[in-house]
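Each remark here refers to the structure printed beneath this line.
The values are calculated or read from the model by the stated rules, or taken from the named source; none is laboratory data. It should be emphasised that the depicted structure is a prediction, and the values quoted were computed from it without experimental measurement. Positions of Cβ are backbone-derived with ideal geometry, glycine not excepted, and every protein chain shown enters the neighbour counts. For accessibility, only protein heavy atoms count, side chains too; no ligands or nucleic acids. Shrake-Rupley method; radii C 1.70, N 1.55, O 1.52, S 1.80 Å.
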Amino acid sequence: MSSQQPTDEPVYDDRVYRSPMAVVTGVLLLALIAWLCGDAIVRGSGNAPWFAAAVALLAVPLTVAFTIRPAVFANDDRMRVRNPFRVIELPWAAVDAVRAGYSAEVLAEGSKYQLWSVPVSLRERKKASRQQLSRRGGMSGKGLSSPEQADAAAAVEPPRAHADQVVDELRELAERGASRAGAQGSVRVRWSYEVIAPVAAGAVFLIVLLAVL
């Protein structure tokens, strides 16, 4: 009896990267929309309930699309980027670079895709840089020699902005997984019609109301 040997290493659960601040903002905005539009639908008179329904139909999916929906899922084989209106699946072998300048983005097959769920904060980046400089100055003030400074710096991980940490992790996954059999293939992009359809319906509903009433 022959036994089959695995052709590649196992794939572990996805790492998920989201913006907690965006999710909190989205939940608060949805609560505000529900309160204002719900009150207008229940208690409004005349055309107010119709306009409130149209605004809610348009605003709710847009709010979800730009705050709660964005996420990056990454495992040993590939990265899946869920942006407001598209889902991009990128096998690591197709990824050319992952970087964070003024925004976090991935380059693959001649195209650039933004990571909406990994916002870059220049303020947070400057704060991390100041902390690094302050730490170096503190070690110099203690009279540590150069080898001692190097050992002390290596023992403590320097502060990094959140977006830079995420990009470093994604870059490491890409470099480590590019040669895996499961990481081969081309980039696939899918439009998120489950978001686009209600947004379009709400916009059309609102335009019709404005034109008729």
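At a glance:
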quantity: Residue within region 74-87 that is at pLDDT 95 or above, assigned to a helix (DSSP H, G or I) and in contact with a Ser or Thr (Cβ under 9 Å, 6 or more places away or on another chain) present; calculated: no
quantity: So R180, is it open to solvent by less than 30 Å² (accessible area, probe 1.4 Å) and either at pLDDT 95 or above or of a type outside the set (A, V, I, L, M) (or both); calculated: yes
quantity: Members of region 183-213 that are surrounded by 13 or more Cβ atoms within 10 Å (Cβ to Cβ) and of a type in the set (D, E, K, R); calculated: R188
quantity: Scope region 43-76; condition within 19 Å of S186 (Cα to Cα) and buried (at least 20 other Cβ atoms within 10 Å of the Cβ); matching residues; calculated: V72, A74
